[in-house]
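Please read the structure below before turning to the comments.
The values are calculated or read from the model by the stated rules, or taken from the named source; none is laboratory data. Since this is a predicted model, take the numbers as computed values, not measurements. Quick reminder, even Gly has a Cβ in these numbers, built from the backbone with ideal geometry, and neighbours come from all protein chains shown. Just the protein is used for accessible areas: all its heavy atoms, side chains included, with ligands, DNA and RNA removed. Shrake-Rupley method; radii C 1.70, N 1.55, O 1.52, S 1.80 Å.
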Amino acid sequence: MIALLTSLVAIGLLIAGQSGVSVLDVDPAMSRALGVVIFTLGLWITGVVPEFFTSLLFLFLSSLLAIAPPDVVFSGFYSSALWLIFGGLVLGHAVTQSGLGDWLVHRLAALSAPGYLGALTTIALAGLLLSFIVPTAIGRVVLMAPIAVHLAKRLGFQAGSNGQAGLVLTAGMSTSLPAFTILPSNVPNLVMSGSAEGLYGVTFTYSDYFLVNFPVLGLFSCAATIALNWWFFHEPPEQVTTVDEAEPLTAPQVRLTVVLAFTVLMWITDYWYGIAPAWVAMGAALFCALPGVGIIPVGDLPQKINIAPIFFVAGVIGFGAAVAATGISTWAGGSLVAMFHQANLTNNIAIFGALTAIGSLVAVGTTVPTAPGVMTPLAGQLATATGWSVESVLLAQVQTWVLVPFPYLVPPLLLTLSIGRIPSGQAVRLLLCYFALGILVFAPLHFVWVRWLGYFSG
């Protein structure tokens with residue numbers, strides 16, 4: 001119904017624009033652009049078609065209707081974020097293909113501390129560790145969720161039990177939510193950083209982004225995931241796990257481990273030498289596929305790499321650029337600016353609260369992967385209204401990605417529910433509690449931390 005209604009509204013705006021009729025106090029050209037934007041958002045929100053296909057539809061309609069120049073519509077393909085995703089996809093494939101991912105998570109599962117809390121902690125730490133190694137949330141969930149199911153069986157939890165639900169949800173949350181505070185690890189981070197680079201010339205380094213976001217939001221997310229899943233789902237294990245005899249790493253796994261360690265080291269120290277994370281990831285990916293290296297066959301690049309995320313991100317970045325170029329962001333930003341001026345928010349805490357509320361509403365309406373495509377083009381307007389720097393306004397988005405109230409907002413969480421066959425009601429209750437705890441306790445702590453670092457102020 002939502003997809004149908006937004007499509008009908010979009011068609012109405014397109015007809016009005018083509019007929020030269022002014023609607024919503026915007027000129028006909030912007031009306032056409034607004035129609036494409038609403039149509040795209042309606043499909044992204046509802047997911048009635050795959051996200052990458054919606055991105056392709058956006059690129060097609062934007063070009064067909066000439067709502068913006070081609071270099072704007074296709075600007076996502078110029079962004080370094082796109083090539084960071086390419087590198088991450090190849091590295092994630094290499095981790096899976098070589099068996100290194102299974103080796104790592106099985107060893108961690110075998111070393112699980114006694115009891116249900118120990119199992120939850122082990123799964124959460126494994127998911128967090130993989131966030132530094134595998135730069136795609138879907139790839140991490142595909143690795144971790146089956147391991148959580150396997151561990152639940154070893155602990156004696158039957159399918160559909162609370163014990164299994166807690167372990168599987170911990171796997172999904174720990175691999176998805178803390179990663180929003182690690183620059184190369186999730187799509188929204190890359191969309192925001194790529195759009196910020198193109199729109200404002202603002203570049204976020206791996207280390208700066210990590211320092212601002214991880215100490216409070218990342219650690220909170222991991223700790224709250226463990227605590228809340230224990231509170232909601234804890235059951236005494238029915239049997240004790242046995243530690244499997246560790247198998248040695250194979251030669252390709254050893255080589256891939258060295259490549260990944262070097263890649264992470266390069267990401268962490270990027271402020272020393274100035275090479276963007278995208279080119280580090282791309283270089284590591286190409287090295288893995290070099291003939292003679294023996295990690296993955298070079299033929300895997302065109303045949304086995306899922307390129308859907310590349311089109312999705314290219315569409316989202318182009319969407320943000322088109323929203324800015326057509327004046328839609330200025331038009332929508334003007335309304336937000338007027339709201340801020342009317343509210344006369346001069347206190348930094350109130351500004352932070354207002355930006356968090358707006359970002360959360362946009363995320364609920366568009367899902368987290370597409371929220372940066374909407375919010376980032378508005379950052380300039382919001383910076384003018386609040387007196388904050390553009391960097392501060394951009395960074396104020398991050399807590400709205402980490403603190404989510406519904407599983408549909410984060411596609412890897414939906415995949416987790418599917419793998420574990422967990423009713424969505426269980427996840428919604430858990431995430432609503434997680435969201436409330438985060439907004440009331442950890443968002444204020446994050447504000448204090450980031451203020452101390454010199455952001456979130458005029």
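Our summary gives the chain a relative contact order of 21 percent, counting only alpha carbon pairs under 8 angstrom and 6 or more residues apart.
With axes computed from alpha carbons, what is the tilt in degrees of helix 348-366 against the longest principal axis of the chain, rounded to the nearest 10 within 0 to 90? Here the helix axis deviates by roughly 80 degrees.
With each label modelled as a point 7 angstrom along the Cα→C-beta vector, the ILE349-LEU290 pair spans 5.6 nm. Assuming charge only on the beta carbon of Lys and Arg (+1) and of Asp and Glu (-1), the dipole of the chain about its Cα centre is about 380 debye to the nearest 20.
Which log10 I(q)/I(0) values, to two decimals, does the chain give at q = 0.13 Å⁻¹ under the Debye formula with one point per Cα? Computed log10 I(q)/I(0) values: -1.21.
Relative contact order for segment 249-328: what percent, with Cα pairs under 8 Å and sequence separation of 6 or more?
Working: 32 pairs, mean separation 16.9, N = 80.
Relative contact order comes out at 21 percent.
Exposed loop sites here are trypsin sites (Lys or Arg not before Pro) in DSSP loop states with at most 15 other C-beta atoms within 10 Å. What is the longest stretch of the chain lacking them? Counting at most 15 other Cβ atoms within 10 Å as exposed, the longest clean stretch of the chain is 1-303.
Label positions at ASP208 and LEU437, each projected 7 Å from the Cα along the C-beta direction, are separated by 3.3 nm.
Using the Cα gyration tensor of segment 271-331, with a ≥ b ≥ c the square roots of its eigenvalues, what is the shape: rounded (a/c below 1.5), prolate (a/b larger than b/c) or oblate (neither)?
Working: a/c = 6.14, a/b = 1.88, b/c = 3.26.
It comes out oblate by the Cα gyration axes.
Using the Cα gyration tensor of segment 351-398, with a ≥ b ≥ c the square roots of its eigenvalues, what is the shape: rounded (a/c below 1.5), prolate (a/b larger than b/c) or oblate (neither)?
Values: a/c = 2.18, a/b = 1.61, b/c = 1.35.
It is prolate, given that a/c is not under 1.5 and a/b is the larger ratio.
Here the accessible area of the chain is 70 percent carbon and sulfur, with a 1.4 angstrom probe and all protein chains present. Take the Cβ-Cβ distance between ALA29 and GLN342 as r, set R0 to 41 Å, and report the resulting FRET efficiency rounded to the nearest 0.05. Working from the Cβ atoms, E equals 0.90.
For ARG154 and LEU125, what is the calculated FRET efficiency with R₀ set at 25 Å and r taken between the beta-carbons, to the nearest 0.05? Approximately 0.90, to the nearest 0.05.
How high is the relative contact order of segment 1-112, in percent, with contacts defined as C-alpha pairs under 8 Å that are six or more residues apart? Mind dumping the intermediate values first?
Values: 85 pairs, mean separation 19.9, N = 112.
Over segment 1-112, the number comes to 18 percent.
Spin-label model, PHE406/PHE262: points 7 Å from Cα along the beta carbon direction are separated by 4.6 nm.
Rounded to the nearest 500, the helix-only mean residue ellipticity at 222 nm of the chain stands at -22000 deg cm²/dmol, with each DSSP H run of n ≥ 4 adding -39,500 (n - 2.57). Per residue, the solvent-accessible area of the chain (1.4 Å probe, heavy atoms of protein chains only, all protein chains present) comes to 40 Å².
Binning all Cα-Cα separations of segment 69-108 at 10 Å, short to long from zero, yields these whole-percent fractions: 27, 29, 22, 15, 6, 0. Taking 0.36 nm per residue of separation and subtracting the current Cα-Cα distance, fully stretching the chain between VAL49 and ASP300 would add 87.7 nm.
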